[in-house]
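The values are calculated or read from the model by the stated rules, or taken from the named source; none is laboratory data. Being a predicted model, the structure only gives us computed values, none of them experimental. So basically every Cβ, Gly included, is an ideal-geometry build from the backbone, and we count neighbours across all protein chains shown. All accessible areas refer to the heavy atoms of the entire protein, side chains included, with ligands and DNA or RNA removed. Shrake-Rupley method; radii C 1.70, N 1.55, O 1.52, S 1.80 Å.
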Amino acid sequence: MHDHRKLGRELGLFGTDPLIGAGLPYWLPAGAAVRHALEEYLRELERRAGYQHVYSPVLGKRELYEMSGHWSHYRDDMYPPMELGGEHLVLRPVLCPHHALLYRSRGRSYRELPLRLAELGGQYRAERSGVLGGLTRVRAMQLNDAHIFCSADQAAGEARAALALIRQVYAALGIEPARYRLSLRGPGGKYVGDPGIWDQAAVMLAGVLDDSGLDWEAAEGEAAFYGPKIDVQVADASEREATLSTVQVDFYQPVRFVLHYTGPDGASRRPVMVHRSIVGSMERAVAHLIERHGGAFPDWLAPEQLVVLPVADAQDPAAAAVARRATGLGLRARVASPDSGTLNRRIRSSRLVPYQAVIGEREAAGGQVAVRLRDGRRLPPLPADAALAGIAAHAAAHRTDLWAAGGPP
Ligand SMILES: [Zn+2]
């Protein structure tokens, strides 16, 4: 595997500036294109899975995190409060408290459950400066997050569906978990709530893992302070493990935030909160994708999906027209003109781009392109419109292979 920091620099994906500060990377156009493709895919997938998207502020009053318990159990990882007009505002360490408030913004009926609220939102961690680097140790991150508010007997099914969604996304991204971990509480006083409730949640999550047919292992001392969770672990370039995805069944926050809904009999009931993140933060997810693919992203994620290569200056207008049509179909396309080097040199410098459309004299005259795939395969000349439509349809299908319609097997 590759080091995402080195490749990120070489491929112009992201960077940092001492004036912005350590652990606060910015995204360059190529990196932003990868992240945007990932975000669009996740939003659409979540929408189809019955999630509703919300936005909530990245700041909240200190009292909010006192209520959630983060202020007493997680304060070392939080930024100090900003005083303004006699109030203390804090950069949020997690999204959960905001979503709990959205849930209780009005009365809820059992008919609305499960209520799945999703947000791609900012959260902040006061990491010490010595450990910061690349996209994996950062002080600000955008989390692919969701909270499912449901009845107690819906919770296992919702957790199982979230785990299935995680596995579907990993297949589309071409990544594999290092292992599935059931993270339990350990010794020490940092865990809150009734031990019986912890056991109930742990048994439920173990059942979800078993039902999904996965090998998993339990790890003590890795739980959140308020409950156990399933962590999907991935390995980085130096074989260090990190958590990318999580599914958590939480009986604690609904009590802290006094959440309820009206049951079929008219009685007030307490919902369960299922916290889940499919790919974790955009920062960590893209870092892992860079390392896993060495910059040769699946076609739907690639910063440039198509490079158009006129053989000689005379084919420049035809190449520009093909690139324009590709852009119109939603593809990220660019022309590499002869003034940037010989054809072979241009092909080599575009070696990470999934598709290269070569246009010589004959192709220009016939409205065709000769497509070369990143893996070295060459397709016979095809009508340009058919090739572009095929590539666009393949990219929209979120696959990890390359489009090769009409080509040799
Ligand atoms: Zn949460």
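Straight-line cross-link partners of residue 6 among the lysines, defined as a Cα under 22 Å from its Cα and at least 8 positions apart when in the same chain, are absent.
Think of each Lys and Arg Cβ as +1 and each Asp and Glu Cβ as -1; about the Cα centre, that makes the dipole of segment 23-159 roughly 80 debye.
Around the Cα centre of the chain, unit charges on the Cβ atoms of Lys, Arg, Asp and Glu (plus for the first two, minus for the last two) sum to a dipole of about 580 debye.
Carbon and sulfur atoms: what percent of the 1.4 Å accessible area of segment 303-399 do they account for? If you can, show how the numbers build up before the last one.
Numbers: 2480 of 4690 Å².
Percent of accessible area from carbon and sulfur atoms in segment 303-399: 53.
Protein heavy-atom surface of segment 85-194, 1.4 angstrom probe: 48% of the accessible area is carbon and sulfur, with nucleic acids and ligands not counted. Evaluate E = 1/(1 + (r/R0)^6) for residue 24 and residue 239, where r is the Cβ-Cβ distance and R0 equals 41 Å; express this FRET efficiency to the nearest 0.05. Calculated transfer efficiency: 0.95.
Computed extension length for residue 17-residue 59: 12.7 nm, one decimal, from 0.36 nm per residue of separation with the Cα-Cα distance subtracted. Protection proxy ranking for 353-364, 185-196, 114-125, using the average of other Cβ atoms within 10 Å per residue and placing the highest first: 353-364, 114-125, 185-196.
Express in % the proportion of alpha carbon pairs of segment 6-161 at distances exceeding 22 Å. The partial results should precede the final answer.
On the way: 6520 of 12090 pairs.
Of all Cα-Cα distances in segment 6-161, 54 percent exceed 22 Å.
Considering only 319, 235, 275, and ranking their Cα positions along the charge dipole of segment 209-366 that arises from unit charges at the beta-carbon of Lys, Arg, Asp and Glu, the one farthest toward the positive end is 319. When peptides 284-294, 247-257, 367-377, 103-113 are sorted by average Cβ neighbour count within 10 Å, with the highest value leading, the order is 284-294, 247-257, 367-377, 103-113.
On alpha-carbon atoms, Rg over Rh for segment 145-278 using Kirkwood Rh? Mind showing how you got there, number by number?
Numbers: Rg = 15.4 Å, Rh = 15.5 Å.
Value, to two decimals: 0.99.
Can you give the relative contact order of the chain as a percent, counting alpha carbon pairs under 8 Å and 6+ residues apart? Relative contact order for the chain comes out at 15 percent.
List the lysines whose Cα lies under 28 Å from the Cα of residue 190, skipping any in the same chain that are fewer than 8 positions away. Straight-line reach from residue 190, under 28 Å: 61, 229.
Find the relative contact order for segment 218-265 and round it to a whole percent, using C-alpha pairs within less than 8 Å whose residues are 6+ positions apart.
Numbers: 41 pairs, mean separation 15.0, N = 48.
For segment 218-265, the relative contact order is 31 percent.
Divide, for the chain, the radius of gyration over alpha carbons by 2.2 N^0.38 Å, where N is the residue count. Don't skip to the answer; put the middle values down first.
On the way: Rg = 24.5 Å, N = 409, 2.2 N^0.38 = 21.6 Å.
Working it through for the chain, the quotient is 1.13.
Placing unit charges on each Cβ (+1 for Lys and Arg, -1 for Asp and Glu) gives the chain a dipole about its Cα centre, and among 159, 294, 102 the Cα reaching farthest toward its positive end belongs to 294.
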